[in-house]
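Taking it in order: structure first as structure tokens, then the write-up.
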Amino acid sequence: MTLPGMIARRSMEAVATLAIIAALLFGGVELIPGDPARTILGQNVTEEAVANLRIALRLDQPVYQRFFDWAAGAAHGDLGKSLLSGRPVGPDFAWRAKNTLFLAGYAALLSLPLAIALGLIAALYRDRLMDRTISLFSLATISFPEFFVGYVLLSVLAMDLGWFPVLSTVDPDMGFWERLHRCFLPAVTLSCLVGAYVLRITRATITSVLERPYIEMAELKGVSRLSLVFRHALINAIGPIANVVALALAYMIVGIVVTEVVFTYPGLGQWMVDSVAKHDMNVILACGLSFGATYVVLNLLADVAAVVANPRMRHPR
Amino acid sequence: MTALRNLPMLVSAILLALVAIAVLAGPDAVPAAMRDGIGDPWEGFGPLHLLGTDQLGRDLLARLLEGGRITLALATMVAVLCFAVGLGLGLLAAILGGAVDTLLSRLVDVTMALPPLILAILVVAMLGSSIPVLVIVLVVLESPRVFRLVRALAMEIMTEDFVTAARLRGEGLLWILAREVAPNAVVPLVAELALRFVFALLFLSSLSFLGLGVPPPQADWGGMVRENAPALGFGLPAPIVPAAVIALVALSVNQIADWLVTASGRRGMGRG
């Protein structure tokens, strides 16, 4: 199979997965117990008022009809209204999505270069004290839940030392540097997990590449240590590393939800968790679908990176 | 050098044993004065309440021991169940091959293509968070990973020369599985079991922390972090105590899994 063919096929699968996620989300949200119309109006209302609101919310229509209406709306950027506040979901969604992306990008920029560098160092000094320290450190960070890292950082750096604000609230007209400072603690929290994951894979990949015969050949040929690592080893490890970077970013979705709650950061994750408790369908749909889409796309990129880097995978048995 | 190499594993094993004994002994092991004495909300570490008190003035240590029971029992249950499911189906796919293998593998691909947290949040929102729901969600999310590992391992080992030799000798399938395949798969499988436990522990605690896990009156470690989180605003360490216990248990189990994997020459991937 050719490379574009492979990518086309995987993209089709990704689109299908996305459709499944959308249907699952919509169906799932439908099944959440309780009547949204009743939730909005509260206890002391007439049946007539509830019935009227149900019609206004189009709850009287069949599920599939509403699903297609909603999907058509979403395709045009209309995400419906929040059932609780009555405000359109779109603008709030856009603002929070921007905040979440900012945090994720910040964390990725902080963690990825450092993780790959440390992974390289650990592989080069394999089994020495340096490697052992780095490995222990990365195993620890991979084991720590985000709320542990987050609360320790908060209590030491924000409460005791006062270097950073306790609440990572941001508002639209905040300056860039102010924002960087405000979001530093949540970004570090997220970086820990993602970075440790990438570090471990980088170390494992480089270690196994360094065991190959062509590395020994290069060594015997008298290639310098630096060129050995960068020109011979790293090049051949780029595929697996790119693959794991994409997977780690996909994994960040779990981390970002918890991190946003820890720091009360106004992003999509915190909004979604909040809306589940409040039964706010359109918000859950918009957040869930965007997280789902990110996850699927990153997984797709991970696959493509693996195939591009390793031509043998273009011919699956 | 070997002693140094094994040190983190030994420390982890001792720590885990201590946690297990403490949690099994349960809140009854704590002196009654400490357990039943209601203090002020969020007292600090002190002689009566060693780890301080929670948001309602209950002893944090007693509460930790109580919460540990449900948290660790659930994580263990999920790890064992998803392991049983993954192992059974994985072996089935590897041995039968053909349509069964294709069907199971496709199913696993689809499950793994869905974002785990979104799925969990949705199911919990739909069905309400109860212990059976949590266990089922986690088993569905985790068993595909065990399935993939078992299938790959079994296929790899089944093509080894010693298996072919046993086959030519006329040994039955069960004999081959028990005597040739199982001993060669034990280390990676035990390591995988440990990783599943860590994943279940962290995922469950995260859900409880978000208010979507073990339902409230029941104490559990993730829920305790959530309940005590406001204390941090007053500079009090109450939420860090249960969070640190979760972190410590997860690290210890990971450490042991990592040691097993290195000892057997295979490379671990951490959680995920």
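We did not get these values from a lab; they are worked out from the coordinates using the rules stated. Please read all numbers here as calculations on a predicted model, not as lab measurements. Because the Cβ atoms are built from the backbone with ideal geometry, glycine has one as well, and the counts that use them run over all protein chains shown.
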**OP:** Would you grab the residues whose amide H sits under 5 Å from the one on A:Lys81? Only those 5+ places off in sequence or on another chain, please, with H modelled 1.01 Å from N.
**Re:** A:Val89
**OP:** Quick one: compute the contact order of chain A, relative version, from alpha carbon pairs under 8 angstrom and 6+ residues apart, as a percent.
**Re:** 26 percent
**OP:** Quick one: plug the Kirkwood hydrodynamic radius of the stretch A:182-317 (C-alpha pairs) into Stokes-Einstein at 10 °C, 1.306 mPa s, and report D in µm²/s.
**Re:** 91 µm²/s
Original post:
How high is the relative contact order of chain B, in percent, with contacts defined as C-alpha pairs under 8 Å that are six or more residues apart?
Top reply: 23 percent
Subject >> Angstrom value of the Kirkwood radius, inverse mean 1/r, which spans all Cα pairs in chain B >> reply: 20.7 Å
Original post:
For the stretch A:115-256, how big is Rg over Rh, using alpha carbon atoms and the Kirkwood form of Rh?
Top reply: 1.10
Subject >> Pair A:Arg212, B:Leu7: separation of 7 Å Cα→Cβ label points (nm) >> reply: 3.6 nm
Original post:
Which order results if A:Trp95, B:Trp175, B:Trp221 are arranged by neighbouring Cβ count within 10 Å, fewest first?
Top reply: B:Trp175, A:Trp95, B:Trp221
Original post:
Semi-axes of the stretch B:106-256's equivalent ellipsoid from the Cα gyration tensor, sqrt of 5 times each eigenvalue, largest first, rounded to whole Å?
Top reply: 41, 18, 11
**OP:** List the GluC sites (Glu not before Pro) within the stretch A:178-237 that fall in a DSSP loop (any state other than H, G, I, E or B) and whose Cβ has at most 13 other Cβ atoms within 10 Å.
**Re:** A:Glu211
Original post:
Can you put A:Ser82, A:Ser224 in order, fewest other beta carbons within 10 Å first?
Top reply: A:Ser224, A:Ser82
Original post:
What Rg and what Dmax come out for chain A when only alpha-carbon atoms are used, in angstroms?
Top reply: 24.0, 88
**OP:** Note down the relative contact order for the stretch A:192-317 as a percent, whole number, built from C-alpha pairs under 8 angstrom at least six residues apart.
**Re:** 28 percent
Subject >> Cα-based Kirkwood hydrodynamic radius, the protein assembly as shown, one decimal, Å >> reply: 26.1 Å
**OP:** Please order A:Glu13, A:Glu146 by the number of other Cβ within 10 Å, starting at the fewest.
**Re:** A:Glu13, A:Glu146
Original post:
Once Rh is set to the Kirkwood radius over Cα pairs, what Stokes-Einstein translational diffusion coefficient, in µm²/s, holds for the stretch A:41-192 at a temperature of 20 °C and a viscosity of 1.002 mPa s?
Top reply: 107 µm²/s
Subject >> B:Arg69/A:Arg231 FRET efficiency (R0 60 Å; Cβ-Cβ; nearest 0.05) >> reply: 0.60
Subject >> B:Val186-A:Arg132 FRET efficiency (beta carbon distance; Förster radius 30 Å; 0.05 resolution) >> reply: 0.70
Original post:
What nm value, rounded to one decimal, do you get for the distance between A:Ile20 and A:Asp173 when each label is placed 7 Å out toward the C-beta?
Top reply: 4.8 nm
Original post:
Per the Cauchy relation, a quarter of the hull surface: what is the mean projected area of the convex hull of the alpha carbons in the stretch B:93-177, in nm²?
Top reply: 7.0 nm²
Original post:
Which helices, taking whole DSSP H runs in chain A, have alpha carbons extending 27 angstrom or more along the helix axis plus mean Kyte-Doolittle at least 1.6?
Top reply: A:235-262, A:281-309
**OP:** Could you state the angle between the C-alpha long axis of helix B:98-113 and the longest principal axis of the C-alpha atoms of chain B, as a value from 0 to 90 degrees rounded to the nearest 10?
**Re:** 30 degrees
